[in-house]
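Enquirer: Before I ask anything, here is the structure I am working with.
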Ligand SMILES: [Zn+2]
């Protein structure tokens, strides 16, 4: 027995005395790897480490690695389909799956996150289908590190010149921003140290909600300012911006998520899709973009060592696999995706090594 094993079917564990033996190997065509198969004597079924993997039975494992990166580096879904040589519908299915996985990883990271002394809270606006259906994304950003602490998207009624026309065409649109502000502030309350500073603009909703949900926080407000062209309207005109941490992160969101660009023809079709894309970006932001280069270099060295171990187990790829797929797999297995080793580990490292 190599290590403590647990049967994914009946949950019997070797440490509890269950008998789990080796039962040969099986061959995985996509990356030409040979995987150990195990046999559980309790339920008489076989399994491998791939059985419990998030990408069990995935036939395009390269997409699981590269799609989140492309989506977080301002590529559209159709663009990613062209780059990765996959069909649009494959990318659509993978996007949904990776979005849900990113959601799970983000919640897990949140539960393990260190407490913060300063948090910025504000909202950015986008839309679903057209500007008659606006959506607000409430977001909290940690002060020093600019880590995305929490976010939530909810529908809101159209404002300004479009408000009247939107009501005429589509009726009254319910304002659900209160619930998303609550979700974000509840998470902030959990992560903010006692007596920590919570900064926001002078929106009166925040004043009341912070008193209710984060009574231990010191709430500091600053007047909102008009945006400048730089940072797609998120960075503010003038010399010093007290909410720069948030505004810079919002500008990064707009730059890295194709559907959040200003004046774009990329639009979200559903709030659920928008949320999935935001989760994929939030993980990439927290694990790759804001991580100092020195730390990610160290991580990539570890990643390379793991890659060398893995390489020795691989044979030459069969010719029928496309060149892009082979290149993509090699990149991952040789650890060339340097700055994103942490991000990889969330998605595919464990999977490719089994
Ligand atoms: Zn079993």
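The values are calculated or read from the model by the stated rules, or taken from the named source; none is laboratory data. Since we're looking at a predicted model, the values are computed, not measured. With ideal geometry, Cβ positions are generated from the backbone for all residues, glycine too; neighbour counts draw on all protein chains shown.
Enquirer: Suppose the filter is surrounded by 14 or more Cβ atoms within 10 Å (Cβ to Cβ), away from the ligand (no atom under 16 Å from the Cβ), closer than 30 Å to residue 205 by Cα and at pLDDT 90 or above; does residue 122 pass it? Explain how you work it out, then say what you get.
Expert: Details: surrounded by 14 or more Cβ atoms within 10 Å (Cβ to Cβ): yes; away from the ligand (no atom under 16 Å from the Cβ): yes; closer than 30 Å to residue 205 by Cα: yes; at pLDDT 90 or above: yes.
In short, yes.
Enquirer: Still on this model: Residues to consider are 131, 165; find the one that is within 18 Å of residue 268 (Cα to Cα) and modelled with pLDDT under 95.
Expert: Working: 165 fails: within 18 Å of residue 268 (Cα to Cα).
Sole residue among the options that is within 18 Å of residue 268 (Cα to Cα) and modelled with pLDDT under 95: 131.
Enquirer: Given the residues 130, 87, which is the only one that is at negative phi and touching a residue at least 60 places away in the same chain (Cβ under 8 Å)? Let's see the steps before the verdict.
Expert: Details: 87 fails: touching a residue at least 60 places away in the same chain (Cβ under 8 Å).
One residue alone meets the criteria, 130.
Enquirer: Given the conditions (1) within 16 Å of the ligand (Cβ to nearest atom); (2) touching a strand residue (DSSP E or B) at 6+ places or on another chain (Cβ under 6 Å), report the number of the one that residue 42 does not fulfil.
Expert: (2)
Enquirer: Shifting gears a bit: On the basis of being modelled with pLDDT of 90 or more and surrounded by 13 or more Cβ atoms within 10 Å (Cβ to Cβ), does residue 213 make the cut?
Expert: Yes.
Enquirer: Identify, please: which residue in region 1-35 is part of a strand (DSSP E or B) and within 16 Å of the ligand (Cβ to nearest atom) and is, among those, nearest to residue 97 (Cα to Cα)? Reasoning before the result, please.
Expert: Step one: list which residues in region 1-35 are part of a strand (DSSP E or B), which gives 6, 13, 20-28, 33-35.
Among the residues that remain, those that are also within 16 Å of the ligand (Cβ to nearest atom) are: 6, 13, 20-23.
Numbers: 6: 25, 13: 29, 20: 31, 21: 32, 22: 31, 23: 31 Å.
Checked region 1-35; the qualifying residue nearest to residue 97 (Cα to Cα) is 6.
Enquirer: Something else about it: I'd like to know if region 253-268 contains one or more residues that are out of contact with any helix residue (DSSP H, G or I) (no Cβ under 8 Å at 6 or more places or on another chain) and surrounded by fewer than 14 Cβ atoms within 10 Å (Cβ to Cβ).
Expert: Taking every residue of region 253-268 in turn, at least one turns out to be out of contact with any helix residue (DSSP H, G or I) (no Cβ under 8 Å at 6 or more places or on another chain) and surrounded by fewer than 14 Cβ atoms within 10 Å (Cβ to Cβ).
Enquirer: Sort out which residues of region 125-153 are over 19 Å from residue 234 (Cβ atoms) and surrounded by 17 or more Cβ atoms within 10 Å (Cβ to Cβ), and write them in order of number.
Expert: Pass one, region 125-153, residues over 19 Å from residue 234 (Cβ atoms): 128-130, 132-133, 144.
Listed by number, the residues that qualify are 128, 132, 133.
Enquirer: Take residue 37 and decide whether it is in contact (Cβ under 8 Å) with a residue 40 or more places away in the chain and farther than 30 Å from residue 249 by Cα. Don't jump to the end; show me each part of the working.
Expert: Values: in contact (Cβ under 8 Å) with a residue 40 or more places away in the chain: no; farther than 30 Å from residue 249 by Cα: yes.
It is false that residue 37 is in contact (Cβ under 8 Å) with a residue 40 or more places away in the chain and farther than 30 Å from residue 249 by Cα.
Enquirer: Moving to a separate point now. May I ask you to list pairs of residues, at least six apart or on different chains, whose Cβ atoms are under 9 Å apart, with the first in region 43-54 being under 13 Å from residue 24 (Cα atoms) and touching a residue at least 60 places away in the same chain (Cβ under 8 Å) and the second being assigned to a loop (DSSP other than H, G, I, E, B) and away from the ligand (no atom under 13 Å from the Cβ)?
Expert: So the pair list comes out as 48/354.
Enquirer: Could you tell me whether region 57-73 includes any residue that is out of contact with any strand residue (DSSP E or B) (no Cβ under 7 Å at 6 or more places or on another chain), at positive phi and more than 16 Å from the ligand (Cβ to nearest atom)?
Expert: Taking region 57-73 and keeping what is out of contact with any strand residue (DSSP E or B) (no Cβ under 7 Å at 6 or more places or on another chain), we get 57-73.
Narrowing further to those that are at positive phi: 57.
Cutting the leftovers down to more than 16 Å from the ligand (Cβ to nearest atom) gives us 57.
Scanning region 57-73 turns up at least one residue that is out of contact with any strand residue (DSSP E or B) (no Cβ under 7 Å at 6 or more places or on another chain), at positive phi and more than 16 Å from the ligand (Cβ to nearest atom).
Enquirer: On to the next question. List pairs: first in region 1-24 and touching a residue at least 12 places away in the same chain (Cβ under 8 Å) and more than 18 Å from residue 50 (Cβ to Cβ), second in a helix (DSSP H, G or I) and more than 10 Å from the ligand (Cβ to nearest atom), Cβ under 8 Å, 6+ apart or cross-chain?
Expert: 1/14
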